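Q: I'd like to ask some things about the structure below.
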Amino acid sequence: MGLFDKLRDPIVLKEDSEAQKQLEQLNAYLATADPQKKEQIEDDIKLLQYGIYGENALMFELKNSHLPMYILHDLFYERNGLTTQIDYLLVTRKLVVIIECKNLYGNITIDAQGNFSRNVQLGRRYQKTGIYSPVTQNQRHLDMVHEIMRETKPALFRSAFDKRFDETYKSVIVLANPSTYLDMRFAPKDIKSKVIKADGLVSYLKKLNDNCDASGMSDKEMKELADFFLEKNQPYTKDYTEKYSSPAQAPAQEEVIGEQRTAAEPIPQNVEETPLYQALRSYRFNKSREEGVKPYYIFNNDQLKRLIEISPATIQELLTVSGFGEAKCKKYGADIIRIISQNK
């Protein structure tokens, strides 16, 4: 850290987000959309607004932290066919902090095995559901950052970089809903250190820096590192209204690996109005709410259409759908196959 460094407060290098752009597109599209599709669009808008509210609350905490750091919001990286979308990346004096923002409702519990669950009050009773671990989700983001940074190091120094990476690159999950009760009494120590509520974020960042033995970066070094991460960000241009349009007609026949069978009929033009499409979409939405993740983490729109095209009847057939590996098939496969079977 230089003697004449002057940075004392946070600087936001990137504040916009794809979620906000998507919301603007959907609100504009809603006014002219087919009445039969408006309910679906309105559901998507509500989900977006809920997530945006949480991220805005987090940005407020960061902007008013009076900490010397650079803030980058909503970064999209792609490498070797893998993609990741980071809610917040902070470059502080000593650390780079990757933040996953969760605006979860209900009471969140983390058990001794590190499993996350949520209790939601429904009338006079409570419903407990498991949710996908945001710690695991954010670790994937951290792994992507590790690979991006590792590529900048000379081959001889990569082993040393790997060993020191965990000292200066940190993952944290921030729960943005102030009404959420967080029970971590029995959670493993390493998970306790990575999950906080938004109102404790500033003190958490101060403690991280105070406890870090690394030498602090100068103003110039912080800015160069923040610029590097910003330059690596890839613009995520997409027409978010496309999913509500009628897809092009699919080929009449298509081979499927596994059992020797073909799609008997082409996908109809109004596929989004079919019971199967609505059932799969409803399942995806409910699962995303249960696990506290964006719907496309369950499966995206292209995968949804592919599920309808193939209509897998076995796990082996489901594995032929791009994006459905063994882990995802194990988690959702039985449900998806059941839904397809019931809506043929």
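The values are calculated or read from the model by the stated rules, or taken from the named source; none is laboratory data. Since the structure is predicted, the reported quantities are computational estimates derived from the model, not experimental observations. As a convention, Cβ positions derive from the backbone with ideal geometry for all residues, glycine included, and neighbour counts pool all protein chains shown.
Q: Kindly indicate whether GLU55 is out of contact with any Ser or Thr (no Cβ under 8 Å at 6 or more places or on another chain) and assigned by TED's automatic domain parsing to the domain that holds GLU221.
A: So GLU55 does not fit the description; no.
Q: How about the range 4-33: which of its residues are charged (D, E, K, R) and in contact (Cβ under 8 Å) with a residue 24 or more places away in the chain?
A: ASP5, LYS6, ARG8, ASP9, LYS14, GLU15, ASP16, GLU18, LYS21
Q: What about SER218, is it more than 26 Å from the chain's Cα centre (by Cα) and of a type in the set (Gly, Ala, Ser)?
A: For SER218, the condition - more than 26 Å from the chain's Cα centre (by Cα) and of a type in the set (Gly, Ala, Ser) - is met.
Q: Mind checking which residues of the range 45-87 are free of Cβ contacts under 8 Å to residues at least 40 places away in the same chain and either touching a Lys or Arg at 6+ places or on another chain (Cβ under 9 Å) or not polar (S, T, N, Q) (or both)?
A: ILE45, LYS46, LEU48, ILE52, PHE60, GLY81, ASP87
Q: Continuing with this model, one more query. Which of the residues spanning the range 14-34 are aliphatic (A, V, I, L, M) and either surrounded by fewer than 13 Cβ atoms within 10 Å (Cβ to Cβ) or not assigned by TED's automatic domain parsing to the domain that holds GLY51 (or both)?
A: ALA28, ALA31
Q: Something else now. Could you tell me which of the residues ILE310, ILE336, ILE340, ILE298 is of a type in the set (A, V, I, L, M), closer than 22 Å to ILE108 by Cβ and crowded, with 18+ Cβ neighbours inside 10 Å?
A: Result: ILE298 is the single residue among ILE310, ILE336, ILE340, ILE298 that is of a type in the set (A, V, I, L, M), closer than 22 Å to ILE108 by Cβ and crowded, with 18+ Cβ neighbours inside 10 Å.
Q: I would also like to ask the following. Quick one: is GLN137 over 22 Å from the mean Cα position of the chain (by Cα) and either buried (at least 17 other Cβ atoms within 10 Å of the Cβ) or in the same structural domain as LEU95 (by TED's automatic domain parsing) (or both)?
A: So GLN137 does not fit the description; no.
Q: Moving to a separate point now. Restricted to the range 184-214, and to residues that are touching an Asp or Glu at 6+ places or on another chain (Cβ under 8 Å) and not in a helix (DSSP H, G or I), which residue is surrounded by the fewest Cβ atoms within 10 Å (Cβ to Cβ)?
A: Out of the qualifying residues, it is ASP213.
Q: Please work out if PHE161 is aromatic (Phe, Trp, Tyr), over 20 Å from LYS287 (Cα atoms), surrounded by fewer than 16 Cβ atoms within 10 Å (Cβ to Cβ) and more than 19 Å from the chain's Cα centre (by Cα).
A: Taking the combined requirement at face value, the residue satisfies it.
Q: So in the range 215-239, with the set limited to residues that are under 22 Å from GLN137 (Cβ atoms) and touching a strand residue (DSSP E or B) at 6+ places or on another chain (Cβ under 7 Å), which one is surrounded by the fewest Cβ atoms within 10 Å (Cβ to Cβ)?
A: Among residues in the range 215-239 that are under 22 Å from GLN137 (Cβ atoms) and touching a strand residue (DSSP E or B) at 6+ places or on another chain (Cβ under 7 Å), the one surrounded by the fewest Cβ atoms within 10 Å (Cβ to Cβ) is GLN234.
Q: Taking GLU42 as the residue in question, decide whether it is part of a helix (DSSP H, G or I), of a type in the set (D, E, K, R), in contact with a His (Cβ under 8 Å, 6 or more places away or on another chain) and touching a residue at least 12 places away in the same chain (Cβ under 8 Å).
A: Answer is no for this residue.
Q: Hey, can you tell me all the residues within the range 101-153 that are of a type in the set (S, T, N, Q), in contact with a Gly (Cβ under 7 Å, 6 or more places away or on another chain) and part of a strand (DSSP E or B)?
A: Once the filter is applied, which keeps residues that are of a type in the set (S, T, N, Q), in contact with a Gly (Cβ under 7 Å, 6 or more places away or on another chain) and part of a strand (DSSP E or B), the range 101-153 yields SER117, ASN119.
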